[in-house]
Structure formats: C-alpha cells, structure tokens
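Step one of this worksheet: look at the structure below.
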Amino acid sequence: MNRIKKVLKKAYDIPLSKEKEAFLQRLNFPKSSYKDFFIYQISYIQKRVWILSTALIGLILMLLHFENITGDALKIIWITSSVLPFIALVAITEISRSMSHNMAEIEMSCRYNLADLMLARISILAAFNFILSNILILGIQGKTAYSPIRISLYIFVPFLLTCLASLIVLNYIKIKETTYICGGISCFISGINALIIGSNQIAYTDKFVGFWVIIFIALMVGIIVEIIDFIRKLEELHWNLQLTA
Amino acid sequence: MELTIDRLTKQYQNKIAVDRVTLTLTNGVYGLLGANGAGKTTLMRMLCGILKPTSGEVKFDGIDVASENYRDVLGYLPQDFGYYPKFTAFEFLCYIATLKGLPKERAKEKSKEFLELVSLSDVAQKKIKTFSGGMKQRLGIAQAMLNNPKILILDEPTAGLDPKERVRFRNLISQLGEERIVLLSTHIVSDIENIARTILVLKNGQLIHNGSLEQIIQVIENKVWQCTVDRKMANELSKEYPIINLRQEVDGIFLRLISSENPCKDAVRVTATLEDLYLYYFSEVNKDE
C-alpha cells in the first residue's frame, strides 16, 4: 500500500492550493474555554506580585526565626499582622492594574471581558495568598501557646481590613491613582495595628476571642459583598463627566 | 450580516448624549462625523456593549450587544487607550488575543501576522513604553483585528498617525470593509471622505445625516462661494454668512463661505466638499468651545 502511495506521489504533481488564505480567514477556529483562559491568566500576573508576596512572607518567617521569640505571642502577632497588609496591597495593585493603566475599555470589549478577567485575577491571587497564609501558619505553629485558628484570627484581621478598605476604594473612587490611596490605607492599618498591639494587650485575652471571630466573619462577608459589587460594576463603564464626548 | 441600532439613547441627568439613534449597518465602511461632545464616543461605546444605553437596543444578526457572542465578533479601538508598560508589542497582542478567546498557539500566530500587517515586526520585542504615538496607534489597530471581527469600531484611529501612515491605514480599512462592518470616527474629514461608503453626521446626540458623500453634500451644493475682498467687506460678510475659510492674501482677504445667493459681486461659486459641510454644521459648536 505504501509503495502504491509513493508511486502515485511520483506520478502526479500535487495541485497548488486555491484561495487558501481566504479559506483560512473564513474558518471559525475553536475558541479557548474559560478554563483555558483562566490558566493563561496565571502567566499574565506580574512577576513582582509573586516575588514581593513570597518575599514578605519570607521576611516574617525570618524575623520570627532570628528574633528567637518563641512563646512571645504578642510579638509574633505584632510582626506578622503589621506586614500582612502589604501583601494585601500587592494583590490590590494587581487587581487595579486595568484601571490604573487605562486598559479597562479594551478589556471590556473582549470575549472574556473585564469582569471575567477580574474574576480570574482575584481567584488566582486569593488562591496564592491562601497558600502563603498556610505556609505562614505552619511557620508560626508551635511558637506560641495560641492555637493556629486563634493566631490566624489575630494576624488576618488587619489583612482582611486592608482588603476590604481597598475594595471599597476601588468600587467608589474612579480615578487612576487609587493604588496610592490603597498604599496609604495599608500603611495606616499596619501602623494602627502596631500601636494597638502595644497598648491594648487585653484585646488578645480569652475574653475577647468572640469579638475577634465576629470581626473576622464581618470582614469576610464585607469582602465578598465588595468583590461581587466590584465585578458587577466592571461589566460596563460607569458614567461620569469624562464620558460625555 | 446586519448591525441594527434601534432608538438608542443615553441620558445622564439632564444631558442627552445620544438621542434616539436608529440605524442599520451592513458590510462596508461608515464614517462618523461630529464635533467634540456630539456623542460619537458615547454611541461607539454603546455599540461595543461597554456603556449601557438608557433605552433602545443594539443587535448583530439577532445577537444582543451585552452577550459574549456579540463581543466575539467585535473589534474595538478606543479613543484613549493605555497599555501595560512592561509588555512588549508581541506580549500585548498575545495578551489581548487570550482575552478574545484565542488559544495560546493561535494567539502567537495571529499576533505575528498583525504585527507584520501594521509594520511593527521589527519592534515586536520592544517595550510599548518606548513607542511613539503613531506606533501605539498601529498596535491598537492590530489588537482590534486579532479575532477577525465582523464589526470593527475605531474611535479616532488616525490620531497620531503621520500622513504616510494615514494613507496606509486608509487602504487597510478599505480592504477590511469589504467583508465586515467598519465604523470609524475622526476629526480628519479627508479620511472619511476617502474611505467611507456612508457618512453619518452626529450633532448634539442626534443623527442629522446618513448617506453617501454625494447625498449629504447636497445640503450645501451650489451654496459654497469664494472671494477676495478688503477688510471692511470681509468683516461684513463674516457677520452675515458662515465662513468656512479666511486667510490674508496680498490683494485682500480670501473668504470661503456658505450662502444661498451670491454674497458679493466678485464671489465665485465652487464645488462643495465634506469639510465645508462639517465646518458649516459645527462652526457654532466650535465657537462655543
């Protein structure tokens, strides 16, 4: 059979393709699925986001290691919870990238529009920060008398508060410079947090655990509400006086 | 292939940016003319589904503007777009291609193809922040074309292009218009004059003209005059008639104006152009600005 094929190939000239380009232009190539799109977006998260977030977690773990503070729960909370708002800031700058670089309008007009894109970016960053958080908890575990859940409550409240405040800014302030406002918020929360830990140690006693749980849950709910609002608002441009042209 | 726009309106508080625009667009190049604030960009944004109309609807072959399937056949170049500064031209196109639903390998192929088409292959690996305005604009045109769109909407696409690039761009748009709907807005009247099959004139959010160049020029046909007069006469004529052009010459002041009858004894009637029409309609607006 193969011999016949070879002989036939030699016997006849292969005809030149006609209107190949026009045919290819008309052809509807298969599109990528949302899953593919989601995976592609991982490669478009800026390298500095991965590096900075990992470096900040590394910094916390190093400080905890070299400070030799095993047993000093407040110092552990002080160091960790003061640095975590900056990890939130790194994630927020990535989320607000489309708006700060004026890419939103093009991204809104694509098949996978800005809302799809943001959902992907937020999910990727949330998953990454979740992994980093677990590494952090593992690193802290055993260094204090507090359980991992209780220490998580204390260290993640300032982080969640930064996320919530920044999302509110992104939702209600439509200017390119929101990143700077979020930077200010992170510094403010980090600073206030450091001051509170120094002067209100009573807040970390058993008596107030319920209060921390309520704050933690309220912040989580607030973040979910703001994310939904954020994504919903990205489905279309919101009218302002600059859009009257 | 038909894009239907039905009583499309955008109102914000007491300002009506687009007022009950009704249109049906088929294959070909459509030029959208209008002064600043006429509602061109608002109309284009609504046609792209990125601005929700107050009322009215936009459909392409029955597909609603808000659906993914509509965006799948849409290419859009905004008037004022940015870019991620760390991206190279190639990375930028690959990124947009993934948003347009192209699988990664095909995204790379198409990005190379369109960089070639807009003559940016040599700088494909250079960061966009190093590009000139014209290069960025060409890159913007390339991104709009990546998904081989059936509807191509270009808001001020020739802004920042030098005359040579503009000619190339016009030729490209003419080709693209053969098998898709192309709607472009520009202040450069000659661009529209040269490539648009149909011209749409928008004033205060309303569509005041929709037709071929010959049809819309009818409004001022036989009404365009030229004369060279002294300063006193020039002042009088300026008060009485819409002036299209005024320039100082050796023997007096040259005027090009619109009048239904002979404005002065030395005036000569000349052929009307689209620019005359544009200036005639939008001279009041320009005075206000």
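The values are calculated or read from the model by the stated rules, or taken from the named source; none is laboratory data. This structure is a prediction, so every number in the text was calculated from the model and none was measured. Using ideal geometry, Cβ is built from the backbone for each residue, glycine included, and neighbour counts are taken over all protein chains shown.
With the condition kept exactly as written, say whether any residue in the stretch B:81-96 is within 16 Å of the chain's Cα centre (by Cα), surrounded by 18 or more Cβ atoms within 10 Å (Cβ to Cβ), within 10 Å of chain A (Cβ to nearest Cβ) and of a type outside the set (Val, Ile, Thr).
Within the stretch B:81-96, one or more residues are within 16 Å of the chain's Cα centre (by Cα), surrounded by 18 or more Cβ atoms within 10 Å (Cβ to Cβ), within 10 Å of chain A (Cβ to nearest Cβ) and of a type outside the set (Val, Ile, Thr).
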Check: Taking the stretch A:133-151, which residues are outside any helix (DSSP H, G or I) and in contact with a helix residue (DSSP H, G or I) (Cβ under 7 Å, 6 or more places away or on another chain)?
Finding: A:141, A:143, A:144, A:145, A:146
Note to self: Looking only at the stretch A:100-115, how many residues end up being more than 7 Å from every other protein chain (Cβ to nearest Cβ) and buried (at least 20 other Cβ atoms within 10 Å of the Cβ)?
What the structure shows: 2
Note to self: Would you confirm, using the coordinates I've provided, whether residue B:110 is within 12 Å of chain A (Cβ to nearest Cβ) and either assigned to a strand (DSSP E or B) or surrounded by fewer than 16 Cβ atoms within 10 Å (Cβ to Cβ) (or both)?
What the structure shows: no
Margin query: Being closer than 22 Å to residue A:109 by Cβ, in contact (Cβ under 8 Å) with a residue 24 or more places away in the chain, crowded, with 16+ Cβ neighbours inside 10 Å and more than 10 Å from chain A (Cβ to nearest Cβ): is that true of residue B:102 here?
Written below: no
Margin query: I need the full set of residues from the stretch B:195-231 which are of a type in the set (Val, Ile, Thr) and at pLDDT 90 or above, in order please.
Written below: B:198, B:199, B:201, B:208, B:224, B:228, B:229
Checklist line | Top-ranked residue of the stretch B:39-55 - restricted to ones that are in contact (Cβ under 8 Å) with a residue 24 or more places away in the chain and more than 25 Å from residue B:176 (Cβ to Cβ), ranked as farthest from the other protein chains (Cβ to nearest Cβ) | finding: B:55
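Going by the conditions given, is residue B:129 more than 10 Å from chain A (Cβ to nearest Cβ), surrounded by fewer than 18 Cβ atoms within 10 Å (Cβ to Cβ) and in contact with a Pro (Cβ under 6 Å, 6 or more places away or on another chain)?
On the way: more than 10 Å from chain A (Cβ to nearest Cβ): yes; surrounded by fewer than 18 Cβ atoms within 10 Å (Cβ to Cβ): yes; in contact with a Pro (Cβ under 6 Å, 6 or more places away or on another chain): yes.
In short, yes.
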Checklist line | From B:26, B:42, B:4, residue being at pLDDT 95 or above and either under 25 Å from residue A:110 (Cα atoms) or of a type in the set (S, T, N, Q) (or both) | finding: B:4
Check: Among the numbered criteria (1) of a type in the set (A, V, I, L, M, F, W, C); (2) touching a strand residue (DSSP E or B) at 6+ places or on another chain (Cβ under 7 Å); (3) touching a residue at least 60 places away in the same chain (Cβ under 8 Å), which single criterion is violated by residue B:35?
Finding: (2)
Checklist line | Residues satisfying the stated conditions in the stretch B:60-79, i.e. in a loop (DSSP other than H, G, I, E, B) and either within 7 Å of chain A (Cβ to nearest Cβ) or in contact with a Gly (Cβ under 6 Å, 6 or more places away or on another chain) (or both) | finding: B:65, B:66, B:78
Note to self: With the structure loaded, tell me whether residue A:119 is in a helix (DSSP H, G or I) and either touching a Ser or Thr at 6+ places or on another chain (Cβ under 8 Å) or free of Cβ contacts under 8 Å to residues at least 12 places away in the same chain (or both) or whether it fails that test.
What the structure shows: no
